[in-house]
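Visitor: Sending over a structure as structure tokens; questions will come in a sec.
The values are calculated or read from the model by the stated rules, or taken from the named source; none is laboratory data. What you see is a predicted model, and the numbers here were worked out from it, not measured in a lab. Glycine also receives a Cβ, built like all others from the backbone with ideal geometry; neighbour counts cover every protein chain displayed.
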Amino acid sequence: MITNCQSKMVPIKGGNYIPLYGRDSMKVSINDFLMDVYPVTNKEYLAFIKKHPKWQRSKTIKLFVDGSYLREWKTDTTLNVNQKLKSPVTQVSWFAAKSYCESQGKRLPTVDEWEYVAMANKTMPDARKEEAYNQFILGWYEKPKTFNQTIGSTFRNYWRVYDLHGLVWEWTSDFNSVLISGESRKDVDKDSNLFCGSAAINATDLMNYAAFMRYAIRGSLKARYSMRNLGFRCVKDDKTN
Amino acid sequence: MKLLKTVCLLTITSLLLTSCKSEEKKEIAMVDTANIYIKGTIDAELTSPPFVPAPVGDRTAKKLLVNMEILEKEGEMTDGVKYVYWTFGGSVPGSFIRTRVGDEVEFTLSNHPDNKLPHNIDMHAVTGPGGGATSSFVAPGHKKTFSFKTLNPGLYVYHCATAPVGMHIANGMYGLILVEPEGGLPKVDKEYYIMQGDFYTKGENGERGLQPFDMTKAIKEEADYVVFNGKVGALTGDDAITANVGETVRLYVGNGGPNLTSSFHVIGEIFDKVHIEGGDLINTNVQTTSIPSGGAAIVEFKVEVPGTFIIVDHAIFRAFNKGALGMLKVTGEENKKLYSGVKQEGIYLPEGGTIQTMPDNTKKEVAVQSSNKTLAQKLKDGKNVYMKTCFACHQAEGQGIPNAFPPLAKSDYLNADVKRAIGIVLNGKTGEITVNGKKYNSVMTKQTLTDEEVADVMTYVYNSWGNNKTNVSINTVKEVKNSH
């Protein structure tokens, strides 16, 4: 069942929202777009690299991937025994993820698009103030090896999108546009516009520290990196509007 | 064809004479540690607590390779309470690093691929931006290398400084790095590594299951656990640190915090020597030394008599209620000249845990008409008595304190004999008993409770935590009292 609806996308109605790194004056507007319901799976990625051998582990250009690229796979085109077809594909670089989406006529979501959809819980488009929602996200940080779970095993959110929290981190097209330097304490310096808001560090609510971690992980990445806990999904502009 | 870089080891020795009089002399030796010459490369020995690597001694300054791995992993805070620790080197506190002044430390930080989060390291021994944090920010499945020269001798804390910094520290990401002075620290017989930390869990102290980190409590500084070496009991029982009579013990004590300052104390010992805040200043004959969070101290003392010496944070409720309790077991010959041991034994029980009052003769005791109390009422009243009187030792869920106070929950000893149990409440108890297969040897004082209170609290205990649900009547209490 899941395999059938995997490539399915759902429409996301655009709107304005204030991202974590923003201030009141920094509302971001999001256009309507379509988003994959699930993260891209091992099965789908396998099909992709069979068609595009240049993204097979042994054939990739080292400029685009690091040594961890698909490292857990048994061979170029076979998974390891402990890897499930319906688990999210991980250990892919940004370049590879981008290329996958393009092969489907799609693209990677922007940070803002991703955050906009991911702030929804099951019933509300913006659940960032809900304690249970934040506890779920934070609980995930304490669960080991969630990358072994299968897609659809978390929850369906307001937009009918699954697994934005609780499975794997996800690549975004502009993952490093909000820079967090190695020295997190510096980023809240009033003189620094890297991370707008010394307010963020004073924030005591759960939302901030759950989201902080996503910005931290994005800040630690380079486009050729790949990680066991990092997958991706694609989006597409909504041409119907 | 090496040039002898004499310039590098510039030692200025100056002789100061006080102008007015006297032959008071003061020697100041200043070495420009930035220019200490490095010869050769070695791998650093890293140890997990409570152990420390071998002393540096008088080796020359070298390039020291330190490889440390970050692991996010589940551990046990105390019996039945799980917690996901974030660790440097797999332990809380992280691996102990030992260097000497002038070493060039080449530090490689590896973030395990299974980890969820990026991390970095800020070492207080580093002179440089972020203490190295800027150069060591590393994603899971990657590693980073940077190097620094150890310019100042001392004992320093290291910790993670990735946002949210407090959370990374609260999850256990801290440890100690020792920079020994030229020629090394004086030789001692035993050295150990102890580091305090405060932990904040969603559930209250003792609540079972996997406990998530609680940011709100952390901000309010309301710690559920204050512990040495990452968990309750890390330094007790079989894990106690040890020494022999006559040996000198040196403790490298750190405080990871994130919030609380430690009042570090060893019960029954006086620190002969304390390197205050881990620096050069030495204080002698110290009872309790204050260790700020993000700070350290080196304490030394000679153990003269055998016995178990309890290590505590002397903010004492932390020790007995939140876990900040360790043990130093000293074996060897008794020395009656220094400490007699027990000369005479008996029970003196003026007070229990209840509040003491002077006898009041103006008020006549009213016979309590409570034999017809309902079970529910007895349980309610009994719980009140329990929380006032028994809680501190036997704990909220009757779980007791390992190696100190026996559990009441599912207690075979308790359930076996109601009258014996009543007798212990009324009269106190000393000496060894075996509860659920474990031996306890401690003192329970006589409790000054009315017969009704005894009946209530006993009924509460018997009807809680999986015990046999005995309903203890006032008459049974009276019976036991009179049979004595």
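Visitor: Output yes when any residue across the stretch B:328-347 is assigned to a loop (DSSP other than H, G, I, E, B), closer than 30 Å to B:Asp122 by Cβ, modelled with pLDDT of 90 or more and out of contact with any Cys (no Cβ under 7 Å at 6 or more places or on another chain), and no when none is.
Guide: The first filter runs over the stretch B:328-347 and keeps only residues assigned to a loop (DSSP other than H, G, I, E, B), leaving B:332-347.
Still in the running and closer than 30 Å to B:Asp122 by Cβ: none.
No, the stretch B:328-347 contains no residue that is assigned to a loop (DSSP other than H, G, I, E, B), closer than 30 Å to B:Asp122 by Cβ, modelled with pLDDT of 90 or more and out of contact with any Cys (no Cβ under 7 Å at 6 or more places or on another chain).
Visitor: Still on this structure: Restricting attention to the stretch B:66-86, which residues are away from chain A (no Cβ under 14 Å) and either in contact with a helix residue (DSSP H, G or I) (Cβ under 8 Å, 6 or more places away or on another chain) or crowded, with 16+ Cβ neighbours inside 10 Å (or both)?
Guide: B:Val66, B:Asn67, B:Met68, B:Glu69, B:Thr78
Visitor: Something else now. What are the pairs, 6+ residues apart or on separate chains, where a residue within the stretch B:440-453 that is small (Gly, Ala, Ser) has its Cβ under 7 Å from a residue that is surrounded by fewer than 17 Cβ atoms within 10 Å (Cβ to Cβ)?
Guide: Qualifying pairs under 7 Å: B:Ser442/B:Ala404.
Visitor: Against the condition aromatic (Phe, Trp, Tyr), within 14 Å of chain B (Cβ to nearest Cβ), touching a residue at least 24 places away in the same chain (Cβ under 8 Å) and out of contact with any Asp or Glu (no Cβ under 7 Å at 6 or more places or on another chain), how does A:Tyr69 come out, does it pass?
Guide: Against the criterion (aromatic (Phe, Trp, Tyr), within 14 Å of chain B (Cβ to nearest Cβ), touching a residue at least 24 places away in the same chain (Cβ under 8 Å) and out of contact with any Asp or Glu (no Cβ under 7 Å at 6 or more places or on another chain)), A:Tyr69 qualifies.
Visitor: Of the numbered conditions (1) surrounded by fewer than 22 Cβ atoms within 10 Å (Cβ to Cβ); (2) at pLDDT 85 or above, A:Pro144 fails exactly one; give the number of that condition.
Guide: (2)
Visitor: Taking the residues in the stretch B:87-122 that are within 13 Å of another protein chain (Cβ to nearest Cβ) and part of a strand (DSSP E or B) as candidates, determine which candidate is nearest to B:Ala296 (Cα to Cα).
Guide: That would be B:Asp122.
Visitor: Restricting attention to the stretch B:211-230, and to residues there that are modelled with pLDDT of 95 or more and of a type in the set (D, E, K, R), which single residue is nearest to B:Phe320 (Cα to Cα)?
Guide: Per the criteria, the residue is B:Asp224.
Visitor: Out of B:Lys469, B:Lys446, B:Lys429, report the one residue that is among the charged types (D, E, K, R) and at positive phi.
Guide: Every option except B:Lys469 fails the conditions.
Visitor: Further question on the same structure: Which residues, taken from the stretch B:154-174, are in a strand (DSSP E or B) and closer than 13 Å to B:Asn120 by Cα?
Guide: B:Tyr158, B:His159, B:Tyr174
Per-residue answers, yes or no, for (1) modelled with pLDDT under 90; (2) surrounded by fewer than 16 Cβ atoms within 10 Å (Cβ to Cβ); (3) in contact with a helix residue (DSSP H, G or I) (Cβ under 7 Å, 6 or more places away or on another chain); (4) assigned to a loop (DSSP other than H, G, I, E, B):
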residue	(1), (2), (3), (4)
A:Ala97	no, no, no, no
A:Ile151	no, no, yes, yes
A:Leu164	no, no, yes, yes
A:Ser184	yes, no, yes, yes
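Visitor: I've got another one for you. If you check B:Asp214, B:Asp280, B:Asp272, B:Asp239, which single one turns out to be under 28 Å from B:Tyr440 (Cβ atoms) and of a type outside the set (Gly, Ala, Ser)? Break it down into steps so the answer makes sense when it comes.
Guide: Values: B:Asp214 fails: under 28 Å from B:Tyr440 (Cβ atoms); B:Asp280 fails: under 28 Å from B:Tyr440 (Cβ atoms); B:Asp272 fails: under 28 Å from B:Tyr440 (Cβ atoms).
Among B:Asp214, B:Asp280, B:Asp272, B:Asp239, only B:Asp239 is under 28 Å from B:Tyr440 (Cβ atoms) and of a type outside the set (Gly, Ala, Ser).
Visitor: Answer with yes or no whether A:Tyr116 is in a helix (DSSP H, G or I), under 30 Å from A:Lys239 (Cβ atoms) and touching a Cys at 6+ places or on another chain (Cβ under 9 Å).
Guide: Criteria not met by A:Tyr116.
Visitor: What pairs can you find where one residue is in the stretch B:95-107 and aromatic (Phe, Trp, Tyr), the other is in a loop (DSSP other than H, G, I, E, B) and surrounded by fewer than 24 Cβ atoms within 10 Å (Cβ to Cβ), and their Cβ atoms are less than 8 Å apart, with a gap of 6+ or different chains?
Guide: B:Phe96/B:Leu46; B:Phe96/B:Ser48; B:Phe96/B:Phe51; B:Phe96/B:Val52; B:Phe96/B:Pro53
Visitor: Take the conditions touching a helix residue (DSSP H, G or I) at 6+ places or on another chain (Cβ under 8 Å), of a type in the set (A, V, I, L, M, F, W, C), in a loop (DSSP other than H, G, I, E, B) and more than 21 Å from B:Lys73 (Cα to Cα) and apply them to B:Leu151. Does it pass?
Guide: yes
Visitor: Which residue is nearest to the chain's Cα centre (by Cα), if the candidates are limited to the stretch B:216-230 and must be buried (at least 21 other Cβ atoms within 10 Å of the Cβ) and more than 15 Å from B:His168 (Cα to Cα)?
Guide: Out of the qualifying residues, it is B:Phe228.
Visitor: Could you tell me which of the residues B:Ala139, B:Ala125, B:Ala133 is more than 15 Å from B:Gly89 (Cα to Cα), crowded, with 21+ Cβ neighbours inside 10 Å and away from chain A (no Cβ under 13 Å)? Talk me through it step by step, then tell me what you get.
Guide: On the way: B:Ala139 fails: away from chain A (no Cβ under 13 Å); B:Ala133 fails: away from chain A (no Cβ under 13 Å).
Selected residue: B:Ala125, the only one of B:Ala139, B:Ala125, B:Ala133 that is more than 15 Å from B:Gly89 (Cα to Cα), crowded, with 21+ Cβ neighbours inside 10 Å and away from chain A (no Cβ under 13 Å).
Visitor: Restricting to the stretch A:213-241, what's the tally of residues that are modelled with pLDDT of 90 or more and polar (S, T, N, Q)?
Guide: 2
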